[in-house]
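Bear in mind these aren't lab numbers, they're just calculated from the coordinates by the rules spelled out. If you're wondering where the values come from, they're calculated on a predicted model, not measured in any experiment. Ideal geometry is used to build each Cβ from the backbone, glycine not excepted, and the neighbour counts take in all protein chains shown.
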Amino acid sequence: MRTKKILFVCTGNTCRSPMAEASLRRELKRRKITGFSVRSAGLSVGEGSTLSPNSAQALKEAKITVLKSFRPRQLTDKMVKESLLVVCMTERHREKLSQYRNVTSFYELCGREIPDPYGLNIDAYRVTLRRIRECIPRVIDVIVQMSSQEENTVPSKGTQGGLS
């Protein structure tokens, strides 16, 4: 069985999407759900950027492990096309990728966006992580359903295309 790729997208890949990546990976492991790999990327990754210290702290407090190999990555056309599902933190992110049929957002899945805590205090990161974790069960439901249907798309207005 081929591993299905799940990708989370935010702006810089230093705060929200790494927290979502680590949270989904942990919950899949906890539920003993296999066959998925989880990654994250950003629409505008700064050269030499790293995981936000507050993101790392919030994850550590929640006892969620980030891969030691984690480095912020710039989103590419290939990443999107190879993914079963791409989950964006906001509608603005999703709209930038609207040409792809496998792209959705936390808003579409859970009725809420995940605001950027960048530059705020640790409490904002804790709230962000809590909001992400509250949505993870819905993400799991969707990817398991998509995987069982053997269809690599979600309902969307867009068509398969490339990054602009």
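Cβ under 10 Å from Tyr125's Cβ, Tyr125 left aside: what net charge do those residues give with Lys, Arg +1 and Asp, Glu -1? In short, +1. Between the helical axis of 16-30 and the longest alpha-carbon principal axis of the chain there is an angle of about 70 degrees. Measuring against 27 Å, Cα to Cα, the residue pairs Lys5/Lys32; Lys68/Lys96; Lys32/Lys96; Lys5/Lys63 contain Lys68/Lys96; Lys32/Lys96 as the ones spanning a longer distance.
For the stretch 76-110, the residues whose amide N sits under 20 Å from a probe point set 7 Å from the Cα of Thr3 along the beta carbon direction are 76-87. According to the Cα-based calculation, Rg over Rh for the stretch 1-43 is 1.02, with Rh computed by the Kirkwood formula.
Absence of a disulfide-compatible partner, taken as no other cysteine beta carbon within less than 4.7 angstrom, is noted in the chain for Cys10, Cys15, Cys88. Reducing the stretch 72-132 and the stretch 29-56 to their Cα centroids gives an inter-centroid distance of 11 Å. Can you tell which of Leu120, Leu51, Leu109 shows the greatest fluctuation in a Gaussian network model of the chain with Cα springs below 10 Å? Looking only at Leu120, Leu51, Leu109, the largest GNM fluctuation is found for Leu120. Principal axis extents of the C-alpha atoms in the stretch 90-140 (largest first, rounded to whole Å): 35, 25, 13. Packing order of peptides 79-92, 59-72, 28-41, highest average first: 79-92, 28-41, 59-72 (average count of other Cβ atoms within 10 Å over each peptide's residues).
Our Cα-only numbers for the chain put the radius of gyration and Dmax at 14.6, 43 Å. Subtracting the Cα-Cα distance of Ser49 and Lys78 from 0.36 nm times their residue separation leaves 8.3 nm of extension gain.
Here the simple spin-label model places points 7 Å from the Cα toward Cβ, and for Gln57 and Ser37 these points are separated by 3.3 nm.
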